[in-house]
1. Looking only at residues in the range 33-66 that are surrounded by fewer than 10 Cβ atoms within 10 Å (Cβ to Cβ) and either aliphatic (A, V, I, L, M) or part of a loop (DSSP other than H, G, I, E, B) (or both), which one is modelled with the lowest pLDDT?
2. Looking at the range 67-92, which of the residues that are within 24 Å of the chain's Cα centre (by Cα) and in a loop (DSSP other than H, G, I, E, B) is farthest from Arg38 (Cα to Cα)?
3. Return the residues of the range 8-43 that are within 30 Å of Gln85 (Cβ to Cβ) and either small (Gly, Ala, Ser) or touching a Leu at 6+ places or on another chain (Cβ under 7 Å) (or both); say none if nothing qualifies.
Amino acid sequence: MVTTVIILSLILIAAVIAIRNLMIKVERYEDITVDQTRYLQNISNTIRDSQKHLKSLDEKGVFQGEDEVGYFFNQMINVQKELDQYMLPENYGKKEE
């Protein structure tokens, strides 16, 4: 009887230590995930801001032309179109209620 209690106590202590270590790892991974989500949201916001700025410049028609500036502006628009594919949805990383 006493040996059974000692064995169960040791198993319980080992389980508590294992669960504690796993909880610490999960909390660390959650922190990393939150940081990475913020990073991705910042990149997406930068892409969105540059998209708005290029559209406002394009609406004004300032850089329309066949010269080097017009060519460069058209290439910038092409780069922006490529970047637009990587924009995150507005609700990315936010908790669902």
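1. Glu66
2. Filtering the range 67-92 for residues that are within 24 Å of the chain's Cα centre (by Cα) and in a loop (DSSP other than H, G, I, E, B), the one farthest from Arg38 (Cα to Cα) comes out as Gln85.
3. The answer is Leu40, Gln41.
The values are calculated or read from the model by the stated rules, or taken from the named source; none is laboratory data. Everything numeric here is computed off the predicted structure, so don't read it as measured data. Methodologically, a virtual Cβ is constructed for each residue, glycine included, from the backbone with ideal geometry; neighbour enumeration extends over all protein chains shown.
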